[in-house]
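Everything on this sheet refers to the single structure shown next.
Computed from the coordinates by the stated procedures, all read-outs in this text should not be read as laboratory data. In this text the structure is predicted, and so the values were computed from the model without any measurement. Note that each Cβ is placed from the backbone with ideal geometry, even for glycine, and that neighbours are counted across all protein chains shown.
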Amino acid sequence: MKTIIEPFRIKSVEPLRHTTPAERELHLQKAGYNLFQIEARNILIDLLTDSGTSAMSTEQWAALMRGDESYAGSESFYRLKRTVDDLTGFRHMIPTHQGRAAERILFTVLCKPGHIVPSNTHFDTTRANIEFTGARALDLPVPEAADTQARLDFKGNLNVAALEELICEQGVTRIPLVMLTVTNNSGGGQPVSMANIEAVWQVCQRHRIPLYLDACRFAENAWFIREREEGYGHWSPKQIAQRMFAHADGCTFSAKKDAFANIGGFLCTNDDQVAQQETNLLILTEGFPTYGGLAGRDLEAIAAGLEEVLDPDYLRYRIISTGYLGRHIADHGVPIVEPPGGHAIYIDAGRMLPHIPPEQFPGQALAVELYRHAGIRSVEIGSVMFGEAAQHELLRLAIPRRVYTQSHIDYVVEAILEVNERKREIQGLEIVEQPPFLRHFSARFRPL
């Protein structure tokens, strides 16, 4: 059948608040035209992020009740560890309060000024945590990723030849690790093939450089491999995920994505010495190693979510529903990063609004207009977020897991198409206030 249905029933509801265009204009002015600064109660459809915004299941809510809040040796920690061990096979698992805490600990231990950390494409917090140590975050996407309209099954791949060239030019000692983000968030939510993971792993093994996966959306990546890569059609998502992790030395993970949790994450490694250094830093900044800044109930929710996210029925619905949004706007003239990704649709704002130059932030301007028109919150992924490192001017519509129904998605489609009809009226923005790091969270703008 063609109709998309959610593979779950709604058991508890949260009301949405409609606002008027005049109210939304006031909210924008008060927020300095930065949607991060608008109160959530004034948002109708929130597509700012898929991080920590999922709806938990009945099993997860039930698991909260057995949370062991012991300071040391919590049974909830060991339950999570057994789940992570079975999935990833890594020797050490260190819980953290979220993914960027895992990044901070990893890069603090491994990176120094003058180091280079290559990736298919670093996300904002990853880049910031690397550069905070004095190291350089370097993106090595495949050449096809430069064209948002190119349709490639695995457009999130890392350029293996460029990685080899970098190692030869810079030397092994300047590259403490290689990061591979699955799926490639900043690259349009595009998946990474198993062949690419294995090829990068072989290069790293040959040069004795550790390979880490940014595994926030590992399950969605596994589903793309199952559907698109030859030889994996009969594999379960879990089997594919296990093979992905088998070709890495460690990972960072935000449980706020592919574990349906509202908070949490972990850091994994096979290196005993690195694990001890990371644990020492964890105790200093996060907490005891068996809770890592989390409540026992959070550890339980993550353990349950890691099992649920690999359900084929859920993953099939998730990818089809996201693709539905992408195709329905692209087929009506709205340029998106092709093909549609797993967790979000990325509108190519630079292509949609060619009259707004990058220095006037077309992605941010489009985000403002979409909220002004329909109360929808999204996020710019372009020159505001990445500055001179921006490869595209994108607007991301990140879809929270198990939160919105198909009618909500239809509303988003209708709103985007209406904005597209009068896109020439949209004007650029300029920054009037910004912090030194991660400016997109708190910068203030004014219309030009």
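Under the rule of at least 5 residues apart or a separate chain, name every residue whose amide H is placed under 5 Å from the amide H of Val379. Long-range HN contacts for Val379: Arg396, Ala398. The C-alpha atoms of the chain define a longest principal axis, and helix 406-421 lies at about 50 degrees to it. At q = 0.10, 0.13 Å⁻¹ the log10 of I(q)/I(0) for the chain amounts to -0.70, -1.22, computed by Debye summation with a single uniform scatterer per C-alpha, solvent ignored.
Here's how it looks for His92: its modeled amide H is under 5 Å from those of Thr269, which are all 5 or more places away or on a different chain. For region 424-448 versus region 341-358, the inter-centroid distance based on Cα atoms is 17 Å.
Dividing the convex hull volume of the alpha carbon atoms of region 58-308 by its residue count gives 115 Å³ per residue. The ranking of His408, His332 by Cβ neighbour count inside 10 Å, starting from the fewest, reads His332, His408.
Treating each Cα of region 273-396 as one equal point scatterer and applying the Debye formula with no solvent, the log10 of I(q)/I(0) at q = 0.09, 0.12, 0.15 Å⁻¹ comes out as -0.45, -0.71, -0.87. Positive end of the dipole of region 58-308, charges at C-beta (+1 Lys, Arg; -1 Asp, Glu), about the Cα centre: which of Asn159, Ala303, Leu284 has its Cα farthest in that direction? Towards the positive end, the residue furthest out is Leu284. Charge dipole (Cα centre; +1 on Lys/Arg Cβ, -1 on Asp/Glu Cβ; no other charges) of the chain amounts to roughly 420 debye. The loop-placed chymotrypsin sites (Phe, Trp or Tyr not before Pro) in region 70-153, going by DSSP, that have at most 10 neighbouring Cβ atoms within 10 Å of their Cβ come out as Tyr71. Backbone phi angles across region 64-79, fed through the Karplus curve with coefficients 6.51, -1.76 and 1.60 (θ = phi - 60°), yield HN-Hα couplings of 4, 5, 9, x, 9, 8, 4, 4, 10, x, 4, 4, 5, 4, 5, 5 Hz in residue order; Gly and Pro are listed as x.
Ranked by how many other Cβ atoms sit within 10 Å of their own Cβ, fewest first, the residues Leu16, Leu110 fall in the order Leu16, Leu110. Neighbour counts of C-beta atoms inside 10 Å place Ser407, Ser321, Ser186, Ser70 in the sequence Ser407, Ser70, Ser321, Ser186, starting with the fewest.
Among beta bridges identified by DSSP and lying wholly in the chain, the antiparallel ones come to about 65 percent. Per-residue ellipticity at 222 nm, computed for the chain from helices alone with -39500 (n - 2.57) per DSSP H run of at least four residues, works out to -12500 deg cm²/dmol.
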